[in-house]
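Since every read-out is calculated from the coordinates, none of them should be taken as a lab result. Because the structure is predicted, anything quoted here is derived from the model rather than measured. Neighbour counts run over all protein chains shown; Cβ positions are idealised from the backbone, glycine included.
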Amino acid sequence: MKSIKEQLLQLVDLQKIDLKIYSTKKEMEKMPNELKKLKEEFEPRLQSYEEKQKELKSKEVSHLEMESEIKGKEAHLKQLQGKLSQVKNAKELNAIDAEINATKKSISEMEDEGLKTIDQIDNLKKELKEEEQIIEAEKKNIAELETKIAEKENINKKELETLTKERDKLASKIDPQILSDYEYIARNKEGVGIVGVKNGVCTGCYMSLPPQTVHDIRKGMEIFHCQFCSRVLFYPEWEN
Ligand SMILES: [Zn+2]
């Protein structure tokens with residue numbers, strides 16, 4: 001059976017491995033969140049792009065409809081102009097004249113409207129082109145991050161396997177009671193279950209310990225816990 005002092009030092013080594021395992025796992029949890037955040041930020045931009053695309057489609061359709069309406073009105077105008085040579089009296093002439101003028105006015109209004117629509121279509125196309133570039137860059141970013149995460153995850157998985165093997169090997173040498181005591185505290189203290197005593201102070205919570213306790217801890221004959229933070233205490237000078 002190993003001495004308490006030896007077992008506590010093994011516990012310190014075990015904790016070093018545990019902290020590596022702890023931070024590796026933390027990192028593995030964090031990276032997919034970064035990706036999620038990036039994708040969430042990207043979503044509204046993509047939506048606005050799609051909405052603009054729809055707007056462009058509908059403007060193009062209404063422009064085509066207007067053009068065909070103008071063609072119809074132009075044909076009608078020609079008919080009216082043809083009738084002019086067949087008018088029989090002034091009243092008829094006036095009526096046709098009035099209709100010709102009204103049709104011309106309507107065509108001219110529609111042409112103005114058509115020019116406005118063409119401007120809007122051009123602007124939308126320009127905006128869409130600019131946004132396409134931003135979206136492409138953003139997609140590239142996301143893809144790169146995905147690759148990076150996948151690579152890092154592989155590395156971390158292998159690292160975890162190695163660390164876990166090392167840990168199991170070391171843990172098997174420590175008294176199960178001491179081990180489970182440490183594990184219980186570590187779980188509740190961000191992975192730090194055993195800490196050194198330095199200048200009479202617990203380096204886990206930085207509270208001063210009674211001199212007699214410090215004296216007893218130094219002897220390394222039994223397990224002591226910090227009376228303030230409950231962590232297992234050891235004497236760092238043993239490591240030398
Ligand atoms: Zn403490």
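Radius of gyration and Dmax for the chain's Cα atoms, expressed in Å?
Rg, Dmax (Cα atoms, Å): 41.0, 131.
Roughly speaking, what is the stretch gain from Q81 to M221, that is 0.36 nm per residue apart minus the C-alpha to C-alpha distance, in nm to one decimal?
Details: separation 140, 0.36 × 140 = 50.40 nm, distance 11.89 nm.
Computed gain between Q81 and M221 is 38.5 nm.
For the chain, with the dipole built from +1 on Lys and Arg beta-carbon atoms and -1 on Asp and Glu ones, taken about the Cα centre, which of S108, I149, L14 lies farthest toward the positive end?
Positive-end residue among those listed: L14.
Among 214-225, 46-57, what's the highest-first ranking by average C-beta atoms within 10 angstrom per residue? Don't skip to the answer; put the middle values down first.
Values: 214-225: 15.6, 46-57: 12.6.
Result, highest mean Cβ count within 10 Å first: 214-225, 46-57.
Highest mean first, what order results for 163-173, 7-17 on Cβ atoms within 10 Å?
On the way: 163-173: 13.5, 7-17: 19.4.
The densest-packed peptide leads the list: 7-17, 163-173.
Enumerate the aspartates and glutamates that K30 could reach by cross-link, defined here as Cα to Cα under 14 Å, with residues fewer than 8 away along the same chain left out.
Reachable aspartates and glutamates: E146, E153.
Between S58 and K169, what is the spin-label point distance in nm, taking each point 7 Å from the Cα along the Cα→C-beta axis?
My value for the distance between the label points is 6.8 nm.
Straight-line reach from K173: which lysines have Cα under 22 Å away, leaving out those fewer than 8 places along the same chain?
Excluding near neighbours in sequence, the set is K2, K5, K16, K20, K165, K219.
Post the alpha-carbon centroid distance, region 161-240 to region 69-139, in whole angstrom.
87
Give the distance, in whole Å, between the Cα centre of region 43-59 and the Cα centre of region 19-39.
34
Taking a label point 7 Å from the Cα of M110 along the Cα→Cβ vector, which residues of region 67-100 have an amide N closer than 11 Å to it?
Output list for this probe position: 67-77.
Report the net charge of residues surrounding M110, where surrounding means a beta-carbon distance below 12 angstrom and charges are Lys +1, Arg +1, Asp -1, Glu -1. The partial results should precede the final answer.
Working: positive: K71, K73, K104, K105, K116; negative: E65, E67, E69, E74, E109, E111, D112, E113.
Residues near M110 contribute -3 overall.
Can you tell me which aspartates and glutamates have their Cα less than 16 Å from the Cα of K105? Leave out same-chain residues fewer than eight positions away.
Candidates past the 8-residue exclusion: E67, E69, E74, D97, E113.
May I ask you to compute the full-extension gain from K5 to N33, defined as 0.36 nm times their residue separation minus their alpha-carbon distance, rounded to one decimal in nm? Intermediate values should be presented prior to the final figure.
On the way: separation 28, 0.36 × 28 = 10.08 nm, distance 4.24 nm.
Roughly 5.8 nm would be gained on extension.
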